[in-house]
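First up is the structure itself, then whatever we jot down about it.
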Amino acid sequence: MQDGFDVLPFGSVEVDPLREVDSLQEAQLLDSRVCHLTSTAALLFEMRTTLQFEVGNSALLVVRGLQSFEWKMLSKQVPIAALTVVSSVPEWSNGRVGVLFEFFPGAQLRVSGDLAEFYVLDVGGIGDVPPDYLSMDPKQLQGSLPSWSSACSLLQVSRSY
């Protein structure tokens, strides 16, 4: 413990979505939040389905100094389903960092700002495999997924600076 904070050892990310194309393939976007007062965007991911990450079951991408948050739904709305990353492309330009995501079913998100942080997390009590969205009621589904209020442990970090 240092200055009232627990100092936990964590490492660099296995594969860096801020620098490597398609490193978030098969991750699922669960939610996003944008705070206009602080110019911050946060994306919450389900990581139990990813191809590249062997640790953690969730992740958080935080973009600070937010310059752009562009969401496009390219297909018709479907019943509740995971938005699965089919492509993630980091974008570095003029001192800014961002990521362009393509999702299945048809959606696209581009987010960019002054700096970004990617956190690999472990949420306890949600099991080893993601839930079947169609076979569970909303309350069961919520308890089987990472959420903004989930207690978690920090495992890995990547920063754009």
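The values are calculated or read from the model by the stated rules, or taken from the named source; none is laboratory data. Every value quoted in this text rests on a predicted model; they were computed, and no experiment measured them. Please note: Cβ atoms are built from the backbone with ideal geometry, for glycine as well, and neighbour counts cover all protein chains shown.
Can you pull out every residue in the stretch 10-65 that is farther than 18 Å from Val123 by Cβ and of a type in the set (A, V, I, L, M, F, W, C)? Listed by number, the residues that qualify are Val15, Leu18, Val21, Val34, Cys35, Leu37, Ala41, Leu51, Val63.
Among the residues making up the stretch 109-144, a single one is aromatic (Phe, Trp, Tyr) and in contact with a Pro (Cβ under 7 Å, 6 or more places away or on another chain): Phe118. Candidates Ser93, Ser147: the one that is within 13 Å of the chain's Cα centre (by Cα) and either under 29 Å from Lys76 (Cα atoms) or free of Cβ contacts under 8 Å to residues at least 60 places away in the same chain (or both) is Ser147. Summed over the stretch 84-143, the residues that are in a strand (DSSP E or B) and of a type outside the set (Gly, Ala, Ser) give a count of 27. Of all the criteria given as (1) farther than 24 Å from His36 by Cβ; (2) surrounded by 19 or more Cβ atoms within 10 Å (Cβ to Cβ); (3) without any contact (Cβ under 8 Å) to a residue 60 or more places away in the chain, the one not satisfied by Val85 is (3).
Of everything in the stretch 35-82 that's of a type outside the set (Phe, Trp, Tyr), assigned to a strand (DSSP E or B) and loosely packed, with under 15 Cβ neighbours inside 10 Å, which residue is modelled with the lowest pLDDT? If you could, list the steps in order and put the result at the bottom.
Applying the first criterion (of a type outside the set (Phe, Trp, Tyr)) to the stretch 35-82 yields 35-44, 46-52, 54-68, 70, 72-82.
Adding the requirement that they be assigned to a strand (DSSP E or B) leaves 35, 40-44, 46, 58-64, 68, 70, 72-73.
If we keep only those that are loosely packed, with under 15 Cβ neighbours inside 10 Å too, we end up with 35, 68, 70, 72-73.
On the way: Cys35: 97, Ser68: 96, Glu70: 97, Lys72: 95, Met73: 90.
Top of the filtered list is Met73.
So how many residues does the stretch 113-161 have that are of a type in the set (Phe, Trp, Tyr) and surrounded by 18 or more Cβ atoms within 10 Å (Cβ to Cβ)?
Kept after step one, since they are of a type in the set (Phe, Trp, Tyr), are these residues of the stretch 113-161: 118-119, 133, 148, 161.
Of the ones still in play, those that are also surrounded by 18 or more Cβ atoms within 10 Å (Cβ to Cβ) are 118-119.
Of the residues in that region, 2 qualify.
Of all residue pairs spaced 6 or more apart or on separate chains, those with beta-carbon atoms under 6 Å, a first member in the stretch 52-63 that is at negative phi and a second member that is among the β-branched types (Val, Ile, Thr) are Gln52/Val15; Asn57/Val123; Ser58/Val123; Ala59/Val120; Val63/Val111.
Give the residues of the stretch 48-85 that are among the acidic types (Asp, Glu) and over 16 Å from Ala116 (Cβ atoms), sorted by residue number.
From the stretch 48-85, those among the acidic types (Asp, Glu) are 54, 70; that's our starting set.
Once the filter is applied, which keeps residues that are among the acidic types (Asp, Glu) and over 16 Å from Ala116 (Cβ atoms), the stretch 48-85 yields only Glu54.
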